[in-house]
Amino acid sequence: MSFCDLALDCVTKLQPYVPGKPIEELERELGIKDIVKLASNENPLGPSDKVLAAIAEASRDVTRYPDGNGFTLKVALAEKYKLDTNQVTLGNGSNDVLELIARAFVSPDEEVMFSQYAFAVYPLVTQAIGAKAVIAPARDYGHDLQAMSALMSEKTKLIFIANPNNPTGTHLPAQQIEAFIGQVPQQTLVVLDEAYVEYGEQDFNSIELLGKYSNLIITRTFSKAYGLAGLRVGYALSHPEVADLLNRIRQPFNVNSLALAAATVALNDDLYIAKTKQLNDAGMAQLIAGFEQLGLGYIPSKGNFITVDVKRNGEEVFAELLQQGVIVRPVTNYGLPKHIRVSIGLETENQRFLDALGQIYD
Ligand SMILES: Cc1ncc(COP(=O)(O)O)c(C=O)c1O
């Protein structure tokens, strides 16, 4: 007997999420140190001293369960965004929240829509609940909202839009997003996934749209600009009824106490975010200059990563970079077999990557 015969059909067909290769794994495989990891869009600055102090303080209490309602963090988020605490749902990373949304609202005979090249977790959560994924063709590697509108049906229950998108880094302007949400029927939920919002131009306060469109859910994370990927904390901002439903199905203690303490301190550390953005802008310019020197095209990005056209098999380039101790991300699984995605690192890390890439094109 195979356990696959016992499992749900939608589960046996799932292709598991492939994370960036951990540094320790490559160290074990190659027996080398000094590895540069630019594969998971993490913040190269590392946690701030304030965050480390908050974690140390909270660690004294790890014998206790965390606050299952995340009261202090929710108050801080509500204050920052001028919302009510009952509009916040906390998650074990924003991936957790994306899954909660699909589980709470979509049944197997309904459809979930997202774009070609959209973030890999959208097809995963759709398939895990046995619903149908409707994939709209991209335009210039970004979401084509007109194509999405054209594919909508009465079965469309949920639409995922990552802005900026991962792995392409493409970004949609505020007016386009609002015009799109404005014509989506009330019974279709729109998730605006803003995992990388802090890196872009702050020309648009998407949170103001929550007051206008009750079917809008905004998701954000502490994993990227806030530098807390390892702690796993993200959140959704929504209509209170939506938040109530999401909170009913989440695990009672889905965000741990160290994560709650760290995120509460990190949230209002504007200086850290400003430094992060400055480093990212400089690193992005450094990488683009390097690509241009090598004659490689790239997809202009508003995130903390950039996807470059390597003009040959991306998996091979990835493997050759690994041999030189540099971990990036192949994106064949996204239908981009001749691209690789590289996260923006410290200046020295970016240079290591560019030098290693240069070796390949020598
Ligand atoms: C577009 C997008 N959304 C959500 C996430 C989820 O991040 P986390 O679960 O760490 O909050 C990621 C992570 O890579 C992402 O790229």
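What the table shows:
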quantity: Loop trypsin sites (Lys or Arg not before Pro), the range 180-247 (other Cβ atoms within 10 Å of the site Cβ: 10 or fewer; DSSP); calculated: 212
quantity: Highest average packing first - 316-322, 122-128, Cβ atoms within 10 Å; calculated: 122-128, 316-322
quantity: Cα shape, the range 64-131, gyration tensor, a/c 1.5 rule; calculated: prolate
quantity: Proximal lysines to residue 37, defined as alpha-carbon separation beneath 23 angstrom and excluding residues fewer than eight positions away on the same chain; calculated: 21, 224, 275, 277, 302, 311, 338
quantity: Cα-projected label distance for residue 24 with residue 183, points at 7 Å along beta-carbon direction, nm; calculated: 5.1 nm
quantity: Sparse-neighbour loop sites [GluC sites (Glu not before Pro); the range 111-186; at most 10 other C-beta within 10 Å; DSSP]; calculated: 154
quantity: Mean Kyte hydropathy of -1.0 or more with a Cα span along the axis of at least 24 Å, helices from DSSP in the chain; calculated: 270-294
quantity: Loop chymotrypsin sites (Phe, Trp or Tyr not before Pro), the range 1-105, which have at most 16 other Cβ atoms in a 10 Å radius of their Cβ (DSSP); calculated: 17
quantity: Whole-angstrom gap from the range 30-63 to the range 293-359, using each part's C-alpha centre; calculated: 24 Å
quantity: Cut-off under 5 Å, modelled amide H: who pairs with residue 298 long-range; calculated: 309
quantity: Shape category assigned to the chain from the gyration tensor of Cα positions, a/c cut at 1.5; calculated: rounded
quantity: Solvent-accessible ranking of 4, 10, largest area first, probe 1.4 Å; calculated: 4, 10
quantity: Relative contact order (percent, whole number), the range 158-250, Cα cutoff 8 Å, 6+ residue spacing; calculated: 25 percent
quantity: Linear extension gain, residue 205 paired with residue 281, 0.36 nm per residue minus alpha-carbon span; calculated: 25.3 nm
quantity: Long-range amide H partners of residue 20 with built H, under 5 Å; calculated: none
quantity: Under 16 Å from the Cα of residue 82 - aspartates and glutamates, other chains or at least 8 residues apart; calculated: 208
quantity: Anisotropy class of the range 187-269 from Cα gyration tensor, a/c 1.5 cut; calculated: oblate
quantity: Reach of residue 132 by Cα under 21 Å, taken over lysines that are not fewer than 8 positions away in the same chain; calculated: 13, 155, 157
quantity: The range 295-362, relative contact order [Cα under 8 Å, separation at least 6], %; calculated: 31 percent
quantity: Chain lengthening between residue 139 and residue 174 when straightened (0.36 nm per residue, less Cα-Cα); calculated: 10.9 nm
quantity: Contact order relative to length of the chain, as percent, for alpha carbon pairs under 8 angstrom and 6 or more apart; calculated: 23 percent
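The values are calculated or read from the model by the stated rules, or taken from the named source; none is laboratory data. Small disclaimer: the values here were computed from a predicted structure and weren't measured. When we count neighbours, we look across all protein chains shown, and the Cβ atoms used for this are built from the backbone with ideal geometry, even at glycine. Ligands, DNA and RNA are stripped out before the accessible areas are found, and what is left, the full protein with its side chains, is counted by its heavy atoms. Shrake-Rupley method; radii C 1.70, N 1.55, O 1.52, S 1.80 Å.
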